[in-house]
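The values are calculated or read from the model by the stated rules, or taken from the named source; none is laboratory data. Please read all numbers here as calculations on a predicted model, not as lab measurements. So basically every Cβ, Gly included, is an ideal-geometry build from the backbone, and we count neighbours across all protein chains shown. Remember, those area values only see protein heavy atoms, side chains included, never the ligands or the DNA or RNA. Shrake-Rupley method; radii C 1.70, N 1.55, O 1.52, S 1.80 Å.
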Amino acid sequence: MTVDALTDVAGLRVGHAARTGDGWLTGTTVVLAPEEGAVAAVDVRGGGPGTKETDALDPRNLVQKVEAVVLTGGSAYGLDSASGVMAWLEERGRGVRVGPDPAHVVPVVPAACVFDLGRGGDFKARPDAALGRAAVEAAAASGPGTPVAEGCVGAGTGATVGRIKGGVGTASTVLASGITVGALVVANAAGSAVDPATGSLYGELLLQGRVEHPAHEVHEAARRRLAESAAKERRPTLNTTLAVVATDAALTKAQAQKLAGTAHDGIARAVRPVHLLNDGDTVFALATGARPLDPADPLALNEVLAAGADLVTRAVVRAVRAADSVDGPGGTWPSYEELYGEQ
């Protein structure tokens with residue numbers, strides 16, 4: 001049975017940790033690989049990325065597999081959460097062995113951050129190593145194929161998309177070949193997920209072909225509400241959308257890098273404009289290698305690439321749909337559901 005989440009890729013586990021209240025509105029999400037690790041790659045398209053260990057994922061470089069991927073709030077400060085994940089992995093002897101003792105390992109934990117500084121009211125309230133450890137412990141404690149919490153959780157706790165609340169979303173599919181592909185997104189974009197002419201979500205328009213647009217009066221009321229909240233906001237819009245796209249297919253690092261690159265199309269279908277200088281849009285790809293690609297089918301990889309992009313779009317939609325409104329000392333961000341209901 002599938003749960004329509006990244007964890008449908010066998011061996012992957014997801015854990016969230018967050019802090020809210022008393023100036024806090026941020027968190028960390030960890031994608032934990034199987035004990036044998038996962039082939040990994042990355043593609044960065046935004047103009048203001050904040051990342052860690054992404055050079056190790058270049059197909060030309062030594063590292064072949066990673067132990068975990070960290071997505072975190074707190075901008076570059078929040079990358080410290082990866083240290084807690086590394087410490088947890090080192091305690092279990094997981095990582096690249098670099099000495100004669102089996103305990104001599106260096107865990108490879110690439111990480112990327114979103115900008116959410118000050119959204120809870122305190123600019124210095126950021127994820128740290130302790131929050132990273134809490135997130136990886138939550139991932140490890142979850143069972144195989146566990147549903148993944150969405151909305152204002154983990155790295156999506158302080159996320160926003162344009163003038164509305166963002167968050168975490170996830171989705172998966174099983175291809176006709178039997179290969180599973182999944183995606184998890186932290187939707188935190190400077191651009192908008194909402195068509196300004198109709199109030200419909202861009203991602204739903206593209207995925208479904210046509211949708212029933214919100215009633216005109218509902219859309220007008222939403223536009224007035226968003227204009228009022230924007231008038232109170234004086235800080236620059238600094239954001240970043242992050243994603244992890246994973247598959248149980250056996251991919252090389254170069255093939256995984258292609259998957260990360262094409263998955264960016266999924267963000268571009270759901271958010272406009274995208275990949276701005278104010279964004280740090282970053283996509284990681286993971287491949288567990290449980291299912292070989294059919295060597296007799298030259299289009300087998302294409303099916304994985306296409307699915308990855310579609311799932312990222314769907315995950316962005318789910319993140320926006322699942323988010324809750326925030327009205328606090330750091331700002332006001334109504335949710336899409338509050339503005340438009342079940343439209």
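Test of understanding: express the Cα radius of gyration of region 90-211 as a ratio to 2.2 N^0.38 Å, with N the residue count.
Ratio of Rg to 2.2 N^0.38 Å for region 90-211: 1.39.
Taking the highest mean first, how do the peptides 59-69, 200-210, 162-172 order by number of other beta carbon atoms within 10 angstrom per residue?
So the order, starting with the most tightly packed, is 162-172, 59-69, 200-210.
Tell me the label-point distance for the pair D324, S142, using the 7 Å Cα-to-Cβ offset, in nm and rounded to one decimal.
So the two model labels end up 1.8 nm from each other.
Working from the pairwise distances between different alpha carbons, so that the mean of 1/r is found and then inverted, what is region 4-91's Kirkwood radius in Å?
14.5
Explain nothing, just the number: relative contact order of the chain, from Cα pairs under 8 Å at least 6 residues apart, as a whole percent.
Computed value for the chain: 25 percent relative contact order.
How much of the DSSP bridge set in region 210-333 is antiparallel, in percent, rounded to the nearest 5?
30
May I ask you to order 288-301, 33-46 by the average number of other C-beta atoms within 10 Å around their residues, highest value first?
Output ranking for 288-301, 33-46: 33-46, 288-301.
Using a 1.4 angstrom probe on heavy atoms only, work out the carbon and sulfur share of the accessible area of region 6-340 in %.
For region 6-340, the apolar C and S fraction of the accessible surface comes to 52 percent.
May I have the count of lysine pairs in the chain with C-alpha atoms under 30 Å apart, counting pairs 8 or more residues apart or located on different chains?
Here the count comes out as 10.
Using DSSP H assignments, which helices in the chain have an axial alpha-carbon span of 24 Å or above and a mean Kyte-Doolittle hydropathy of -0.5 or higher?
253-270, 300-322
If amide H atoms are built 1.01 Å from N in the plane of the peptide, which residues on other chains or at least 5 residues away come under 5 Å of the amide H of S325?
The list, which skips near neighbours in sequence, is S335.
Pull out a ≥ b ≥ c, the square roots of the eigenvalues of the alpha-carbon gyration tensor of region 103-160, then state rounded if a/c is under 1.5, prolate if not and a/b is larger than b/c, and oblate in the remaining case.
Oblate.
Just report the Cα centroid separation between region 166-208 and region 251-308, whole Å.
Their Cα centres are 14 Å away from one another.
Could you run the Karplus curve 6.51 cos²θ - 1.76 cosθ + 1.60 with θ = phi - 60° over region 73-79 and give me ³J(HN,Hα) per residue in whole Hz, x for Gly and Pro?
x, x, 6, 4, 4, x, 4
Just to be sure I understand, if you calculate Rg and Dmax of the Cα atoms in Å for this structure, which of [x] 23.2, 95; [y] 19.1, 70; [z] 22.1, 64 do you get?
After the calculation, the listed value that fits is [y].
So which GluC sites (Glu not before Pro) in region 267-343 pass both tests, a DSSP loop state and at most 10 other Cβ atoms within 10 Å of the Cβ?
Loop-located and lightly packed - E342.
So what's Rg/Rh here for region 218-315, counting alpha carbon atoms and using the Kirkwood radius for Rh?
Ratio of gyration radius to Kirkwood radius for region 218-315: 1.16.
Considering only DSSP beta bridges with both partners in the chain, what is the antiparallel share in %, to the nearest 5?
85
Counting only residues 5 or more places away or on other chains, whose amide H sits under 5 Å from the amide H of V42 once H atoms are built in the peptide plane?
Correct list: A285.
Tell me which residues come under 5 Å, amide H to amide H, from R126 once H is placed; ignore anything under 5 positions away on its chain.
Close amide H contacts, sequence-distant or interchain: none at all.
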